[in-house]
Structures are given as C-alpha cells and as structure tokens.
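Quick notes on the structure that follows.
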Amino acid sequence: MLITGDDMIHFIRYVHDFYGPNGIYDMNVTKDMIMNATMKYLTTSGTRFNGDSYDREMVRDIMIETYNLVAV
C-alpha cells in the first residue's frame, strides 16, 4: 500500500503521543525510532496499513524488540 508523506507524519505523531516522552505509555521512544520501526513493519508485515491502533501496537512491538524497551 502506498502511504503519503502526510500519512506517515500523522502516524509518527500518533505513535509518539503514546510512546514518546510524557506520552500515554511513556517508553521514551524518539520519532526516528518510530520511523525505523514503521518502515520495518511496512516492508515485512504483509498486512494492510491503516495507521490505526493495530498498526500502532505492531510498531510498538517492533520497537520493544529492536531497541530492547520495556512495555509499560
């Protein structure tokens, strides 16, 4: 699925609001970490990307694994 730059920016902000510093579930992730995990998700998941909570949680799981984070 083709994702526009605006869609990606919106999704990164959305994920950052949850897992970034002072986020709902603060895991102290950066926007670069989110971008890298999102790109990995897009290239390996084989599922349709909607930019919703399911995609957010899948990206979270990739960040946990990739950056050895602890889920909150």
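The values are calculated or read from the model by the stated rules, or taken from the named source; none is laboratory data. Note that the structure is predicted; figures quoted are calculated from it, not measured. We place every Cβ from the backbone using ideal geometry, glycine too, and count neighbours over all the protein chains shown.
Hey, among 53, 45, which residue is loosely packed, with under 12 Cβ neighbours inside 10 Å and of a type in the set (S, T, N, Q)? Only one candidate passes the filter, namely 53.
Determine, yes or no, whether residue 29 is touching a Gly at 6+ places or on another chain (Cβ under 6 Å) and either surrounded by 15 or more Cβ atoms within 10 Å (Cβ to Cβ) or modelled with pLDDT under 95 (or both). It would help to see each step written out before you state the result.
On the way: touching a Gly at 6+ places or on another chain (Cβ under 6 Å): yes; either surrounded by 15 or more Cβ atoms within 10 Å (Cβ to Cβ) or modelled with pLDDT under 95 (or both): yes.
Here the answer is yes, as residue 29 does meet what is asked.
Just one of the listed residues (24, 34) is assigned to a helix (DSSP H, G or I) and aliphatic (A, V, I, L, M), namely 34.
Against the list (1) surrounded by 15 or more Cβ atoms within 10 Å (Cβ to Cβ); (2) of a type in the set (D, E, K, R); (3) in contact (Cβ under 8 Å) with a residue 40 or more places away in the chain, the condition residue 7 fails is (1). Of all the criteria given as (1) over 20 Å from residue 69 (Cα atoms); (2) in a helix (DSSP H, G or I); (3) in contact (Cβ under 8 Å) with a residue 12 or more places away in the chain, the one not satisfied by residue 48 is (2). Residues that are assigned to a loop (DSSP other than H, G, I, E, B) and modelled with pLDDT under 95 do not occur anywhere in region 52-61.
Would you say residue 43 is polar (S, T, N, Q) and in a helix (DSSP H, G or I)?
On the way: polar (S, T, N, Q): yes; in a helix (DSSP H, G or I): yes.
Here the answer is yes, as residue 43 does meet what is asked.
Within the set of pairs 6+ apart or on separate chains, which have a first residue in region 17-28 that is touching a residue at least 12 places away in the same chain (Cβ under 8 Å), a second that is among the basic types (Lys, Arg), and C-beta atoms under 7 Å apart? These pairs meet every condition: 18/56; 19/60.
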